[in-house]
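Notes to accompany the following structure.
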Amino acid sequence: MNYSVIPEPREMQTGTKTLFTLTRLCNISSEAGCEKAEACLKKFLSDAFSLELLGTGKESVILRIDGTMQKSESYILTVKENEVQIIGSDEAGVFYGVQSIRQLLFQGNLELPEVYINDGPRFPYRGFMLDCGRYFFTKEAVFVFLEMMALHKLNTFHWHLSEDQGFRAQIMSKLLLTEIGSYRSHTNFNKRKHEGYYTVEDMKEIVEYAHRLCIKVIPEIDTPGHTVAMIAAYPELSCFDRDLTVATHWGVKHDVLCVGKESTFTFMQEVIDELLETFTDGAFHLGGDEVPVTRWRLCPHCRKRMKEEGLKNEGGLHTYYLDRMARYLKSKGTEPIMWNDSIKELMVSKDVTWQLWSDDMDKKDVVSEINAGRPFIMSNLRAYYLDLPYAQVSLKKTYEFEPVYEDIKKEKEHLVKGVEACLWTEFVPTMQKAGYCTYPRLGAFCETAWSPREKKSYKSFLSKLPPYYSLLKGYGTDPASLSQANPGPVSKAGNLIWWERRKLCWAGLSNLIDNAYVKKTYGKK
Ligand code: ACM
Ligand code: ZN
């Protein structure tokens, strides 16, 4: 049989004859620093094969770290007679060696041929984002995502914790954020309520779980837009202290944080201070996307701020807010990240990382920002938005997307820190739908995140899908079939009709009426 690994390793050779069989007698011998890798391997053997090792036989798995290896997160895996050896550059390297051996053991039903793999990542940032704001996913569901991330050699969990439709992170000094903000009376799908939030203990547990899988966690509290749930809890956060309920439907809302009031900054800094006690990985996502300025135009606080700060338009106010929050994070030793459309005026300090998602930012502008020194994470929606129908983002499209644009200067390429796949959930209410959206696209995505560019081949990726599907199903996920993931013209058309129908659910009419009311009430003052 042909053994294969996803993501494709830098270098891999396999023999044909079985040389090693992992039995109950096998012994794992691991050095200090290899505890996470060892625990992961043991859990896999127990979960997938009900195998608890006795360690009395002559076969062994050796895990060790060689600090002289050049690149971080790298490993060399060899299988010889009676011995599997994984040597990592560091803790994560050994851990990723274990991810590869898991796939091989799964394929061979615990039997392995001679193997040599020399491997390491293309990008240091390999992310997956889960939107828990629209739909709440239980702690156990988040664990499943983290396990699957590790299997795909992804190392950064971007946790989108707040939305118009729900605020999910318990903040002890502002309990109404979750007591009011985590509940919506109904959703796009039906008249049933939806609710849920993570306690501080839950969040700590999730961070610890992620760390055991060599995954960093970056929380996102998306401001100043996408904040209706926060405003429902604390109306004074908005312009005109609006009395709102948590949004029931998708879409970009007019009510955003009032960034004229100084109290908004104090509030957000306190939220950040609390979260940084739980999220210790040194980065925080400020959001910043999709901010209509309709309220700011009318609000006396916002107008005063613009005048005092010499900002020439509301775009400048948007930038002012984010720049100030970014500086606050930096003062705490934490790296700020924001979505690319957060910036109306291209002036936020060049050392702030932008996450590119929208295709309305011109490629030329992206290239010139990178060439001018700004770090980027690439999440282009046309390739890496996992909630988009396969009719728009097919498996092939995800696979073939190249995130390092031509015209980026060679010496600036390192500023493309990596890539991130995003699972937005307004139309993903269940783990079953999440599985359908995420897999097999995550397999295609991780080959860009991890494998050397010159080793990528869609044809050879397709040939690896049968064992990949077995693995996914072995983990209880529900992937899209290959024909669903690369739809033909007929199902593509059907899918696009579904997508257009989805836009009708934006509650656009009530938004328009409410907006007219605000203009009429406050516009003349
Ligand atoms: C986004 O999709 N609004 C970041
Ligand atoms: Zn205001």
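The values are calculated or read from the model by the stated rules, or taken from the named source; none is laboratory data. Note that the structure is predicted; figures quoted are calculated from it, not measured. As a convention, Cβ positions derive from the backbone with ideal geometry for all residues, glycine included, and neighbour counts pool all protein chains shown. Quick note on the areas: whole protein, heavy atoms, side chains included, nothing else; ligands and nucleic acids left out. Shrake-Rupley method; radii C 1.70, N 1.55, O 1.52, S 1.80 Å.
Residues to consider are MET129, MET148, MET172, MET203; find the one that is open to solvent by less than 10 Å² (accessible area, probe 1.4 Å) and in contact with an Asp or Glu (Cβ under 7 Å, 6 or more places away or on another chain).
Answer to the selection: MET129.
Consider ASP407 carefully, then state whether it is closer than 21 Å to TRP250 by Cα, assigned to a loop (DSSP other than H, G, I, E, B), open to solvent by 10 Å² or more (accessible area, probe 1.4 Å) and not aromatic (Phe, Trp, Tyr).
For ASP407, the condition - closer than 21 Å to TRP250 by Cα, assigned to a loop (DSSP other than H, G, I, E, B), open to solvent by 10 Å² or more (accessible area, probe 1.4 Å) and not aromatic (Phe, Trp, Tyr) - is not met.
Restricting to the stretch 243-274, count the residues that are basic (Lys, Arg) and either in contact with a Ser or Thr (Cβ under 7 Å, 6 or more places away or on another chain) or free of Cβ contacts under 8 Å to residues at least 60 places away in the same chain (or both).
Counting residues in the stretch 243-274 that are basic (Lys, Arg) and either in contact with a Ser or Thr (Cβ under 7 Å, 6 or more places away or on another chain) or free of Cβ contacts under 8 Å to residues at least 60 places away in the same chain (or both) gives 1.
Which residue is farthest from ILE218 (Cα to Cα), if the candidates are limited to the stretch 325-334 and must be touching a helix residue (DSSP H, G or I) at 6+ places or on another chain (Cβ under 7 Å) and in a loop (DSSP other than H, G, I, E, B)?
LYS332
Restricting attention to helices (runs of 4 or more DSSP H) lying wholly within the stretch 429-477, give those where 2 or more residues are open to solvent by 10 Å² or more (accessible area, probe 1.4 Å). Give the steps one after another, and end with the answer.
On the way: elements: 431-438, 441-450, 458-463, 465-474.
Fully inside the stretch 429-477 and qualifying: 431-438, 458-463, 465-474.
Any chance you could count how many residues in the stretch 124-171 are more than 16 Å from the chain's Cα centre (by Cα) and in a strand (DSSP E or B)?
3
Test of understanding: among LYS350, LYS396, LYS363, LYS409, which residue is at pLDDT 95 or above, away from ligand 2 (no atom under 16 Å from the Cβ) and more than 21 Å from the chain's Cα centre (by Cα)?
On the way: LYS350 fails: at pLDDT 95 or above; LYS396 fails: more than 21 Å from the chain's Cα centre (by Cα); LYS363 fails: at pLDDT 95 or above.
Answer to the selection: LYS409.
Just wondering, is there one or more residues in the stretch 180-196 that are surrounded by 22 or more Cβ atoms within 10 Å (Cβ to Cβ), of a type in the set (A, V, I, L, M, F, W, C) and either away from ligand 1 (no atom under 16 Å from the Cβ) or over 16 Å from the mean Cα position of the chain (by Cα) (or both)?
No, the conditions are met nowhere in the stretch 180-196.
Is it the case that some residue within the stretch 112-123 is in a helix (DSSP H, G or I), touching a residue at least 24 places away in the same chain (Cβ under 8 Å) and out of contact with any Gly (no Cβ under 8 Å at 6 or more places or on another chain)?
Scanning the stretch 112-123 turns up no residue that is in a helix (DSSP H, G or I), touching a residue at least 24 places away in the same chain (Cβ under 8 Å) and out of contact with any Gly (no Cβ under 8 Å at 6 or more places or on another chain).
Scan the stretch 44-53 for residues that are touching a helix residue (DSSP H, G or I) at 6+ places or on another chain (Cβ under 7 Å), closer than 22 Å to ASP119 by Cβ and open to solvent by less than 40 Å² (accessible area, probe 1.4 Å) and jot them down.
Scanning the stretch 44-53 gives a single hit, PHE44.
Scan the stretch 310-319 and give yes if some residue there is more than 16 Å from ligand 2 (Cβ to nearest atom) and free of Cβ contacts under 8 Å to residues at least 40 places away in the same chain, otherwise no.
yes
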